[in-house]
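The values are calculated or read from the model by the stated rules, or taken from the named source; none is laboratory data. It should be emphasised that the depicted structure is a prediction, and the values quoted were computed from it without experimental measurement. Every residue, glycine as well, gets a Cβ built from its backbone with ideal geometry; the counts of neighbours run over all protein chains shown.
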């Protein structure tokens, strides 16, 4: 996915959020606030890791291009209560009308980054990398996944179009893991595949979800490059990792399912390469920020 398309999607998300909040107009601000140039600032009320600063700034500049903004921190920086995140100067009506939308983006995305950073800290000293999933807020996929990287995590596939993940229902429909992988490779070899997905068959990564040692052996034999070890106990994970490494030393192993801050370190120590965590994006607590107009 190109940067231009990504930028267009983010701008569309900002437009949608503003339309949702403002509708035909901000009655309270239009009635009570004179249109004048005022200074304002966004202050942190909680601690965490910052993400979404440019998105918050873009909200105000959508409402008034003349709003000037100075950022005091960058995405990926830590923040504490009382920290000044950004300062701005501009149309009072635009600033107050955009306040909630900007803070919603900043709070949600910083919450994702902050939770990700906690998981990353827990697996320090191991080779495991923390990944997100597709369990994102609809329409917020790119921003949610961007926030994960601000917290030190990495991105799993962005959608259904950039990687293969063969799960239990695919296996059932295809008849077996071997058949499913064979069908994927045949599909990727079609003349129109690269034109549609912008991937060559060699670039297409195939991951298979497995639950048992027998499935693991079949997947490796059939040519899987990556295995998803889902909903396994620590003991089961350790055994699957051991078996997989004996059969194919360099295969990528991903653990997932019921991962939390209490057990992620133990999961990492089993020797998996990747740990994917849906809660990074679907259950991250929102970081708290406030916007204040500065009295002249």
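Data overview
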{"quantity": "Elements of type helices (runs of 4 or more DSSP H) in the stretch 226-296, at least 3 residues being under 15 Å from residue 216 (Cα atoms)", "calculated": "234-247"}
{"quantity": "Among the residues listed as 133, 200, 178, the single one being surrounded by 14 or more Cβ atoms within 10 Å (Cβ to Cβ) and assigned to a loop (DSSP other than H, G, I, E, B)", "calculated": "133"}
{"quantity": "Within the stretch 203-225, considering residues that are in a helix (DSSP H, G or I) and in contact with a strand residue (DSSP E or B) (Cβ under 7 Å, 6 or more places away or on another chain), the one nearest to residue 160 (Cα to Cα)", "calculated": "219"}
{"quantity": "Per-region count, the stretch 188-197, residues surrounded by fewer than 13 Cβ atoms within 10 Å (Cβ to Cβ) and part of a helix (DSSP H, G or I)", "calculated": "2"}
{"quantity": "Any hit, the stretch 237-256, residues being under 30 Å from residue 44 (Cα atoms), within 24 Å of the chain's Cα centre (by Cα) and either assigned by TED's automatic domain parsing to the domain that holds residue 159 or free of Cβ contacts under 8 Å to residues at least 12 places away in the same chain (or both)", "calculated": "no"}
{"quantity": "Those residues of the stretch 253-273 which are more than 17 Å from residue 120 (Cβ to Cβ) and surrounded by fewer than 17 Cβ atoms within 10 Å (Cβ to Cβ), in sequence order", "calculated": "257, 258"}
{"quantity": "Condition met for residue 113 (buried (at least 23 other Cβ atoms within 10 Å of the Cβ), in contact with a strand residue (DSSP E or B) (Cβ under 9 Å, 6 or more places away or on another chain), within 23 Å of residue 219 (Cα to Cα) and in contact (Cβ under 8 Å) with a residue 60 or more places away in the chain)", "calculated": "no"}
{"quantity": "Residue identified as touching a residue at least 24 places away in the same chain (Cβ under 8 Å), assigned by TED's automatic domain parsing to the domain that holds residue 9 and surrounded by fewer than 24 Cβ atoms within 10 Å (Cβ to Cβ) among 102, 40, 56, 51", "calculated": "40"}
{"quantity": "Given (1) closer than 23 Å to residue 262 by Cα; (2) touching a helix residue (DSSP H, G or I) at 6+ places or on another chain (Cβ under 6 Å); (3) buried (at least 22 other Cβ atoms within 10 Å of the Cβ), index of the condition residue 97 fails", "calculated": "(1)"}
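This table checks each residue for (1) under 21 Å from the mean Cα position of the chain (by Cα); (2) assigned by TED's automatic domain parsing to the domain that holds residue 13; (3) closer than 29 Å to residue 119 by Cα.
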| residue | (1), (2), (3) |
| --- | --- |
| 153 | yes, no, yes |
| 176 | no, no, no |
| 196 | no, no, no |
| 213 | no, no, yes |
| 224 | no, no, yes |
| 228 | yes, no, yes |
